[in-house]
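Report on the following structure.
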Amino acid sequence: MTRYLGAHTIDNGGIHMAVLRAGKAGMTALQVFTAIPRFYGDKSTIKPERVARFKSALAKTMIKPANVVVHAAYVLSVATPEDEKWARASAGLTKEMERSSALGVGAVCFHPGSAGTSDRADSTKRIAKAIVAALETIDSETRLLVENTAGAGKTMGKTAQEVGQILSHVPKSLRGRTGYGLDTCHLFSSGYDITKSKQAFTAILGEFEEATGEAPSFFHLNDSEGELGSNKDRHVLIGEGRIGEQPFEWLMQDPRSSGIPLILETPQQNYEIADDDDSPDPYDAKMMQLLEGWTRN
């Protein structure tokens, strides 16, 4: 089984520097932002020279473009019943697909957002509508993937059934260009006890696979500061939270973690790294060593 391990590395100095830092840490997968994550980015294009720097940096590493995930902006709530907000969020998601396709990466992942005052079943259709709009507008090899959520408030994508419902509204002609990924912290915080036993952990992954008709296309590897079912999206280093190390070891042994990006979104030690410093973050290096140990077992 092949494991593609990486992290959402710091992009001080540009996304090409995020690539070089990941490469220095021995990573074979990577996650980046193409725009500021707390803005819609619905009008932000990506300059050709930025694309060239990114691709040139990637060529110096062991990271294949297919194993790079772009995380869409957090504010893109395509679940919302408010027409104006939905239109802008949908435009932002499409623009993200445009930027990410220019970079030639494997996938974009996104949080569906909040259903607000609306019916959750109706919200799944609005999320799918935004997926369809993005895929129809931007024809590329880059896939658009739903991420499960920690379930705070009225956020969508909390359960296997909800993720399955969202994807069920995407036409068959576009279905191969979408899918989903799972965040371990979100699973635990939304009430899935992935710590109980290996059998229980495997069954939870199976529940998502059955509901969607496919295995996950990526994993986010995060321990959880919050308790089981807390709905808190608070990431901590693996082994320092409520999940602990064992479930991550189980995941490394599960065939569904093979051949897809496995991305750490855990804290960094040095957020103020100089723009021209391509050294890996010590915390990332520590987490990579831990994960690599389990892949060799």
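Derivation of every value follows stated rules applied to the coordinates shown; laboratory data play no part. What you see is a predicted model; the values in this text were computed from it and never measured. Cβ sites come from the backbone with ideal geometry, for glycine too, and all protein chains shown count toward neighbours.
Considering only DSSP states other than H, G, I, E and B, which GluC sites (Glu not before Pro) in the range 90-166 qualify as loop sites with at most 12 other Cβ atoms within 10 Å?
Within the range 90-166, the qualifying GluC sites (Glu not before Pro) (loop, at most 12 other Cβ atoms within 10 Å) are 141.
Given a 10 angstrom Cα cut-off, can you work out which residue in 31, 253, 269 is the most mobile in a GNM of the chain?
Top of the fluctuation ranking is 269.
What do you get for Rg/Rh of the chain when both radii come from the Cα atoms and Rh is the Kirkwood radius?
The Rg/Rh ratio comes out at 0.94.
Return the equivalent ellipsoid semi-axes of the range 33-158 as a descending list in whole Å, where each equals the square root of 5 times an eigenvalue of the C-alpha gyration tensor.
Value: 27, 14, 12 Å, ordered largest first.
Which order do the peptides 163-170, 104-111 take when ranked by the mean count of other beta-carbon atoms within 10 Å per residue, highest first?
Most protected by this proxy first, the peptides run 104-111, 163-170.
Would you work out the relative contact order for the range 1-97, in percent, from Cα pairs under 8 angstrom that are 6 or more residues apart?
Taking the mean separation of contacting Cα pairs over the length of the range 1-97, I get 31 percent.
Chymotrypsin sites (Phe, Trp or Tyr not before Pro), restricted to the range 13-95: which are DSSP loop and have at most 15 other Cβ atoms within 10 Å?
Those satisfying the criteria are 39, 74.
Counting residues in the range 215-275 as N, plug N into 2.2 N^0.38 Å and put the Cα Rg over that result.
Cα Rg divided by the expected 2.2 N^0.38 Å: 1.27.
What ranking do 15-23, 43-51 get when scored by the average of other Cβ atoms within 10 Å per residue, highest first?
Highest to lowest by the protection proxy: 15-23, 43-51.
Based on alpha-carbon atoms only, what is the radius of gyration of the range 25-103 relative to the globular estimate 2.2 N^0.38 Å?
The value comes to 1.22.
How high is the relative contact order of the chain, in percent, with contacts defined as C-alpha pairs under 8 Å that are six or more residues apart?
This gives 20 percent for the chain.
Could you sort out which of 129/154; 85/125; 64/286; 64/198; 95/129; 85/158 sit more than 24 Å apart by Cα distance in this structure?
Listed pairs above 24 Å: 64/198.
Taking every DSSP beta bridge that has both residues in the chain, what percent is antiparallel when rounded to the nearest 5?
If we restrict to bridges inside the chain, about 10 percent are antiparallel.
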